[in-house]
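Enquirer: Quick one: this structure, given as structure tokens, is what I'll be asking you about.
The values are calculated or read from the model by the stated rules, or taken from the named source; none is laboratory data. Just so we're clear, the structure is a prediction, and the values are computed from it rather than from any experiment. Here the Cβ is made from the backbone with ideal geometry for all residues, glycine too, and neighbour counts use every protein chain on show.
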Amino acid sequence: MRPLQALICGVIVSMGSACVGQQSNTEAAPPAKQESGQKPPCKPPKPTFTPDPLPPASWERKGPKTAMTIFDLMVDRKGKVHDPVVIRSGGDDVDKQALDSVRRWRFIPATCGKEPIEAKARVEVRISLR
């Protein structure tokens with residue numbers, strides 16, 4: 001019997017809303033002056049630790065299989081994953097394995113200028129059994 005093998009064949013990260021502004025609690029913030037007309041460059045979060053998900057037990061002895069789950073999630077200012085939501089299912093058993101893996105992922109946080117920011121990201125997790 002061959003051991004189960006899992007692969008992440010692709011990780012796609014796209015950033016949704018980027019910059020989060022801060023406002024004083026005591027006074028309304030004055031409108032920002034646009035001297036150059038350009039916003040500071042914003043960069044999406046970058047995955048640095050993406051442990052492979054295990055194939056679901058239901059796949060055992062069923063030959064080669066592949067499935068993909070797509071998540072929307074938040075990456076905080078420390079690079080940790082929060083609130084992952086399945087937006088494209090690979091099947092209930094696959095989604096559970098992928099979710100267990102994605103919750104352990106770590107990122108270089110998104111930045112706007114030089115400041116780390118919380119950002120929404122979309123990731124694909126592909127599980128393959130060879």
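Enquirer: Of all residues in the range 69-107, how many are among the hydrophobic types (A, V, I, L, M, F, W, C), within 25 Å of residue 57 (Cβ to Cβ) and out of contact with any helix residue (DSSP H, G or I) (no Cβ under 8 Å at 6 or more places or on another chain)?
Expert: The number of residues fulfilling the criteria is 8.
Enquirer: Now, a different point. I need every pair where a residue in the range 96-124 that is touching a residue at least 40 places away in the same chain (Cβ under 8 Å) and within 13 Å of residue 84 (Cβ to Cβ) has its Cβ under 7 Å from the Cβ of a residue that is basic (Lys, Arg) and outside any loop (DSSP other than H, G, I, E, B), sequence separation at least 6 or different chains.
Expert: Once the first residue is touching a residue at least 40 places away in the same chain (Cβ under 8 Å) and within 13 Å of residue 84 (Cβ to Cβ) and sits in the range 96-124, its partners that are basic (Lys, Arg) and outside any loop (DSSP other than H, G, I, E, B) give 107/46.
Enquirer: Among the strands (runs of 3 or more DSSP E) contained in the range 50-130, which hold 3 or more residues that are exposed (fewer than 14 other Cβ atoms within 10 Å of the Cβ) and charged (D, E, K, R)? Can you show your working first?
Expert: Values: elements: 65-75, 81-88, 106-108, 110-112, 115-117, 119-129.
Here the list is empty.
Enquirer: Confirm whether residue 16 is surrounded by 10 or more Cβ atoms within 10 Å (Cβ to Cβ), modelled with pLDDT under 90, under 22 Å from residue 113 (Cβ atoms) and under 14 Å from the mean Cα position of the chain (by Cα).
Expert: On the way: surrounded by 10 or more Cβ atoms within 10 Å (Cβ to Cβ): yes; modelled with pLDDT under 90: yes; under 22 Å from residue 113 (Cβ atoms): yes; under 14 Å from the mean Cα position of the chain (by Cα): yes.
Yes.
Enquirer: Tell me, please, whether a residue that is modelled with pLDDT of 95 or more, acidic (Asp, Glu) and farther than 27 Å from residue 42 by Cβ can be found in the range 65-83.
Expert: No: zero hits.
Enquirer: Mind checking which residues of the range 84-130 are among the acidic types (Asp, Glu) and under 21 Å from residue 43 (Cβ atoms)?
Expert: Initially, the range 84-130 is screened for residues among the acidic types (Asp, Glu), giving 92-93, 95, 100, 115, 118, 124.
The answer is 115, 118, 124.
Enquirer: Among the numbered criteria (1) under 14 Å from residue 52 (Cβ atoms); (2) at pLDDT 95 or above; (3) of a type in the set (A, V, I, L, M, F, W, C), which one does residue 129 miss?
Expert: Just one mismatch for residue 129, condition (2).
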